[in-house]
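The values are calculated or read from the model by the stated rules, or taken from the named source; none is laboratory data. All of these numbers come straight from a predicted model, not from anything done at the bench. When we count neighbours, we look across all protein chains shown, and the Cβ atoms used for this are built from the backbone with ideal geometry, even at glycine. Just the protein is used for accessible areas: all its heavy atoms, side chains included, with ligands, DNA and RNA removed. Shrake-Rupley method; radii C 1.70, N 1.55, O 1.52, S 1.80 Å.
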Amino acid sequence: MVALTAAVAAAASIEPTPPSPGQPPLLGGLTTAEAQRLSAQVGANAMPSASPQVLRRALGKLWAPIPWMLEAAILIQVLSGKELEAAFITVLLLANAALSFIQEGRAQATLRALSARLAMTATCKRDGVWATLDATRLVPQDLVAVELGAVVPADLTILTGSVLADQSMLTGESQPLEVGVGATLFAGALIRRGQATAVVTATGTRTAYGRTAELVRDAQVVSTQQSAVIRMVRNLAIVNGGLIAGLIAYALIHAMPVHAVVPLVLTAVLASIPIGLPATFAVASAVGARVLARQGVLVTRLSAVDEAASIDILCADKTGTLTCNQLAITAIRPFHGCTASHVLAMALCASAEAGQDPVEVALRATTLPGPPETPLRTTSFTAFDPATKMSTAVAVDAQGRTLTVIKGAYAVVARLAPVTPEITQAVAALEAQGNRVLGIGAGPPGALVFLGLIALSDPPRADSRALIRQLDELGIRTVMLSGDAPATAAGVATAVGITGPVCPPRPLPAGLQPDTYGVYAGILPEDKFAIVTAFEGAGHKVGMCGDGANDAPALRQAHMGIAVATATDVAKAAAGIVLIAPGLTGIVVAVREGREIYQRILTYALNSMTKKMVQVLFLGLGLIMTGQAILTPLLMIIIMLAGDVLGMSLTTDHVQPSAKPNGWRIGALTGVAICMGACELVFCLAALAVGHYRMHLDPRHLQTLAFLVLVCANQATTYVLRARHGLWAAPHPSRLVLLSSGLDILLAAVLAGCGYLMAPLGLGCVLAVMVAAFFWAQLSDRVKIRALLHFPLN
């Protein structure tokens, strides 16, 4: 009730525009002219689109550190008159941007739903006549009618009648509420029973629902992927920028001509760009998204797949997420010699035969062991009245006796049928467990007997407890966020295995930590948002799982927002992952797939950083050793195309995921890359020294040798780095990895051996380099094991 009360108070703070002089009485509704005037003042009853424009999304893919470096390289090539090289780099740039843009566009196209939850039509009185209007045309002071099955089109205040309203999608309350004259109905609520006439008090973004949608738009968090890429590029820029500066200084000191310096510097710049890094993140995530889709998990933001690997906290909504969001009977307590079957039969007698009231639906769905009770013949029935809080039936039993049967709130039935201390104690125990308790009484008129109690609650999903246990085994702590009462939330938390005390009621304490409390109850949407933000501010990677509009801000703010299959459209639009299949097993599936993807991207990132450092150092030291540029821009572009692009096959590699949450330790990653780069550099320089001092190759043949050595050394490094332990202890490579490696080596061998785009080397020299690289990989593997001990990546 705390959440609903606070939300009502917030809604009440938005006063409708006072009637203008001469306006007809409220019950007559507005005229068309008055509605148009108010519409011009407050706007349409709709949510503004939250989707960025297509052009802005497309340009955003070209505005980042790595695209900047490629764009600079394109400009230099054009100014140097190298149109072919410029065209190659342009293809790389556009392909890299298109991969991410297309995948994200396809996913978002499935969930255009930020405003779809508002009712499409409304019954409104205009010009003194009731008519069905588009809900977007409603304005404050409009008179509307709502009835069974309707979706409330705006925030309303009831004038006449009463309804049973399901507002769980906004407030988090697990049970529908009786709403009568003077009370507020929120936009998006579903009417389960009754009918009422009401006046519109707020529309569009001014509704409680609309303010939640506004909070969703304001929510944002820097993705782990984005942060990791930026820090990797930063470290590479620092290291390689210094090396390139040294290279330029060396060329100037030795008075190298400008026409030789420009290609040298351009080659060094190209060598330092991790062209495939962002694309690999996108491709790995896209591959993972396809795998998850086959298992009932829809990825709507690619970064959410990467975040799944790193989350260590899962904030889970209660109603509709951990529970079924459907009332069920949890206990029947008979008294005065009755049986549970008899109590249930009497409750059904005092219920509408086909009513859609959640309590009546739960009663009809309940079956008890043993023979069924002989049904009574009902002669009259009075439906549940919010004023009396009970329903009544007059029936005739098998002996022909006339009985009055009542079903309702315990306090009401207890005034009509005497109760014993035993009954009072049973009620207290059931309510302490978070149940809603009904009393059942029957007997001759004026001599009713209290037959029993029926306890109802929103039961946990069948798989909730297993989910919490599996997440705990994966190193992820689960906390519950609920708008429901503390007792109800604590009871569900105990049932599903969530540990920790219940946080005191609002306001939230300062300096929240995930291990302080296990349950946060009676909270508002902005509280859920604040809790997720606080956990992230404390350095945690947070996942949020929910189903209602009240969860949407937190779903958007979390690193990994998860909407369950039954979630509202707004929740699905705010989340990065949507569970298509019923149940919660998709959360564990997403975490495990995310950790596999992390290992694949980690291999590529390690490989990319190592190669980029080696290539720039190799250029510089090769210049010092030979006095000539050992690679041309065209050869470097071939290495980038063959190595970096084909290297993206690592996104399909077989890996061993970690048992605990992953995290990008860029400093450690850089340390390992430096160690492995130094080892690879020794091999490359040794091969170059043999070609220069022993074989006395001319500059053009030295460039071919340098090209071939780099390709073979890079492939050897790839296989060494994909194994976190020994080289031969790693899972076997995927077919695509083996095929890509074969194509890369075959392309280099054919170009170098046959002299395409470079001077030819003999077949014996080509084979010698390949064999040397294989044996060098065994030594490099030992260096890697020591490097990982000094720079642990997890």
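Odds and ends about this structure:
- Filter pass, residue 717 being crowded, with 20+ Cβ neighbours inside 10 Å, touching a residue at least 60 places away in the same chain (Cβ under 8 Å), out of contact with any Gly (no Cβ under 7 Å at 6 or more places or on another chain) and more than 23 Å from residue 646 (Cβ to Cβ): no
- Candidates 585, 603 - the one that is touching a residue at least 60 places away in the same chain (Cβ under 8 Å), of a type in the set (S, T, N, Q) and surrounded by fewer than 24 Cβ atoms within 10 Å (Cβ to Cβ): 585
- Residues satisfying the criterion are absent from the stretch 518-532 (criterion: open to solvent by 10 Å² or more (accessible area, probe 1.4 Å) and of a type in the set (Ser, Thr, Tyr)).
- The stretch 749-794, subset aromatic (Phe, Trp, Tyr) and closer than 20 Å to residue 714 by Cβ, residue surrounded by the most Cβ atoms within 10 Å (Cβ to Cβ): 776
- Of residues in the stretch 416-437 being assigned to a helix (DSSP H, G or I) and among the small types (Gly, Ala, Ser), the one modelled with the highest pLDDT: 426
- Hits in the stretch 364-414 (condition: surrounded by 13 or more Cβ atoms within 10 Å (Cβ to Cβ) and free of Cβ contacts under 8 Å to residues at least 12 places away in the same chain): 382, 385
- Extreme residue, farthest from residue 582 (Cα to Cα), among residues of the stretch 319-363 that are touching a strand residue (DSSP E or B) at 6+ places or on another chain (Cβ under 8 Å) and among the polar types (S, T, N, Q): 351
- Residue in the stretch 726-734 that is open to solvent by less than 10 Å² (accessible area, probe 1.4 Å) and modelled with pLDDT under 90 present: yes
- The lone exception for residue 508 - which of (1) farther than 24 Å from residue 359 by Cα; (2) at pLDDT below 90; (3) under 20 Å from the mean Cα position of the chain (by Cα) it fails: (3)
- When the stretch 300-336 is limited to residues that are among the hydrophobic types (A, V, I, L, M, F, W, C), at pLDDT 85 or above and open to solvent by less than 10 Å² (accessible area, probe 1.4 Å), the one that is nearest to residue 656 (Cα to Cα) turns out to be 309.
- Matching entry among 707, 774 (being assigned to a helix (DSSP H, G or I), touching a residue at least 24 places away in the same chain (Cβ under 8 Å) and over 18 Å from residue 608 (Cα atoms)): 774
- Among the numbered conditions (1) at pLDDT below 90; (2) open to solvent by 40 Å² or more (accessible area, probe 1.4 Å), the only one that residue 644 does not meet is (2).
- Scanning the stretch 415-437 for residues being under 16 Å from residue 338 (Cα atoms) and open to solvent by less than 10 Å² (accessible area, probe 1.4 Å) gives a total of 2.
- Taking the stretch 514-574 as the region of interest, the helices (runs of 4 or more DSSP H) fully inside it that hold 1 or more residues being over 20 Å from residue 189 (Cα atoms) and not acidic (Asp, Glu) are 525-537, 552-557.
- Filtered residue count, the stretch 601-629, keeping only those that are over 14 Å from residue 280 (Cα atoms) and either modelled with pLDDT of 85 or more or part of a helix (DSSP H, G or I) (or both): 17
- Close pairs from the stretch 220-248: first at pLDDT 70 or above, partner open to solvent by 50 Å² or more (accessible area, probe 1.4 Å) and assigned to a helix (DSSP H, G or I), Cβ under 7 Å, at least 6 apart: 243/617
- Number of residues in the stretch 683-702 that are in a helix (DSSP H, G or I) and either modelled with pLDDT under 90 or open to solvent by 40 Å² or more (accessible area, probe 1.4 Å) (or both): the value is 8.
- Beta carbons closer than 7 Å, at least 6 apart along the sequence or on distinct chains, never pair a first residue in the stretch 660-681 that is without any contact (Cβ under 8 Å) to a residue 60 or more places away in the chain with a second that is in a helix (DSSP H, G or I) and of a type in the set (A, V, I, L, M).
- Test: residue 598 is part of a loop (DSSP other than H, G, I, E, B) and farther than 15 Å from residue 301 by Cβ: no
- Selection from the stretch 487-499 of residues that are open to solvent by 60 Å² or more (accessible area, probe 1.4 Å) and part of a helix (DSSP H, G or I): 494
- The residue list 502, 542 contains one member that is in contact with a strand residue (DSSP E or B) (Cβ under 6 Å, 6 or more places away or on another chain), of a type outside the set (D, E, K, R) and open to solvent by 50 Å² or more (accessible area, probe 1.4 Å), which is 502.
Listed here are the residues, each with its yes/no results for (1) touching a residue at least 40 places away in the same chain (Cβ under 8 Å); (2) within 19 Å of residue 419 (Cβ to Cβ).
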{"position": "322", "(1), (2)": "yes, no"}
{"position": "325", "(1), (2)": "yes, no"}
{"position": "331", "(1), (2)": "yes, yes"}
{"position": "338", "(1), (2)": "yes, yes"}
{"position": "342", "(1), (2)": "yes, yes"}
{"position": "354", "(1), (2)": "no, no"}
{"position": "358", "(1), (2)": "yes, no"}
{"position": "361", "(1), (2)": "no, no"}
